[in-house]
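Nothing in this text is a laboratory measurement; each read-out follows from the coordinates by a stated rule. Here the structure is a predicted model, which is why all the values come from computation and not from measurement. Neighbour counts are summed over all protein chains in view; Cβ atoms, including those assigned to glycine, are modelled from backbone coordinates with ideal geometry.
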Amino acid sequence: MRSSNVSGNRLPEVKKRRRPANLASAAAALFRGRCICAALLLGLLPAADTAKVIDLRGLRRTHARNGDGPPSNSSNLAPEDPAVCGDHALCADKLREARVVFLSCIGYRDGGPQLRCLETARAMRARGVPALCVTNCFFKTLRLIVEHARRPLQAVVIVKASMGRADIEYVRRELRPITCNMLHDTMDLNPKIHWTHKMPCYNGSYAQMLTGVIANNEAAWQHLRDICPALSNATQAGLPVHTIEHFHSVTRRVSDGDSWPSKPRALLVMEHHAEDSSNWGFCTTIRQALPPEVDFNCAPLWSGKAANSRLHFFTRELNLTRNEVHERMSRPMGTGELFTAVFARYHLLLQWHASNSAQRLLNALATGVPVVAKTNAAFRAVLPRTSKSKVLLVSNHSELFSVVAALAASNAYRRQVSDAGVALANLYSVNRTVSRYLSAFRVGTRACQRTRQFGSAPSVRR
């Protein structure tokens, strides 16, 4: 029985109702209340939802489950962590010693930008490069960077989505002149899925202030060029494109492939996808294609916000409370450790939908659990080209059945597949990814070293 953690998880008791500031807010509150009541009367909300307490002022929810408080807004923003800041009061001091700044304008709390921003900054600091992950692109934050950062900065990396037009102009005018390298890391931006994130494609002025573009792989870059003519035109004119794949976030090997019980457990976890996922029948189709003795769990985590999908997945798979998941995710490589703990419970891991990133494949491979994946350009891009790989990519359900049957029949084959997967994933560790970033910084850094003293203090603005 889990002990109840009551303190700090309840909303404060409301002694007196506050009068709405105006008629509009009063009407909005009334409308929300009527919607909830109507849904309860009509049976549209399950009985469990009646246990939620909704604070209409903060739109926060607490859950009836023990220890389930509202999600923390300070996840991964510990004041003592020198690699990250999201609060204006904390950023100034950290910026004074930073040489590299990662700017996560949108999506930091949803997962991918968090890894690419925070964990990369932490790994750079371990290599002796003072790096800082800044978790927003508010104008006040951009101004803090201009006013307090060491000059010139070695690099500013804008992660995934860019900022608004007015802020782009400010960055072009004030931040770019004090930065040796300004790169846009597009990560897994995709024209079919991330249609709301076309901000880096506004006009040529954005591309003109960049010294390079980063894409996960060539396939991801080809997709992105279709919706970003400004970036495409700039690269044709000489702007370099660097391919830096997501690093895997698995913290340890958990299998050598030897274990295969009479009823093996298989798991498919998908987050990145580059095609329409409206056909949810693929889980059933894969289950039917597997040998009948395989116990298959299908977990696509792209419905709604990715962070919420992961949260529910971890609480279910690891029997943790929401607060426990948030606390573990706040640790270095915390999300990777949670995925590692989940993957350790399975004997076979699957990847199926096409993606602009190979990270989910690399995460699975790094555990040592045998992996079978449906082939696509992003997955093929990370395979070694010099020899035939034991990493198992299949083209259809028939091949999936045959490969899984072969794994079931041979301990030696499973061990070979396990070893090959770990060896490939090791090529995409966070430290190797940091080396690729530093390589992308070299050209601009050399130019700075020729023209001005590196790392001088910012001038005082009056």
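Report ³J(HN,Hα) in whole Hz for each residue of the range 356-372, in order, from the Karplus equation J = 6.51 cos²θ - 1.76 cosθ + 1.60 where θ = phi - 60°; Gly and Pro get x.
8, 9, 9, 4, 5, 5, 5, 4, 5, 4, 5, 6, x, 5, x, 10, 10
On full extension of the chain, what length is gained from ARG176 through SER410, given 0.36 nm per residue of separation minus the C-alpha to C-alpha distance?
Numbers: separation 234, 0.36 × 234 = 84.24 nm, distance 5.76 nm.
Length gained, ARG176 through SER410: 78.5 nm.
Efficiency by 1/(1 + (r/R0)^6): what FRET value for SER205 and HIS242, r their Cβ-Cβ distance, R0 = 22 Å, to the nearest 0.05?
Values: r = 21 Å, r/R0 = 0.97.
Computed FRET efficiency for SER205 and HIS242 comes out at 0.55.
Would you mind getting me the FRET efficiency between SER402 and ARG252? Use the beta-carbon distance for r and R0 = 45 Å, nearest 0.05. Walk me through the numbers on the way to the answer.
Details: r = 31 Å, r/R0 = 0.68.
Rounded to the nearest 0.05, the efficiency is 0.90.
Quick one: which residues, 5 or more positions from ASN297 or on another chain, have an amide H under 5 Å from its amide H? H modelled 1.01 Å from N in the peptide plane, none for Pro or chain starts.
Sorted by chain and number, the residues that satisfy this are ALA266, LEU267, LEU268.
More than 23 Å apart: what percent of Cα pairs in the range 265-426 qualify?
On the way: 4810 of 13041 pairs.
Of all Cα-Cα pairs in the range 265-426, 37 percent lie more than 23 Å apart.
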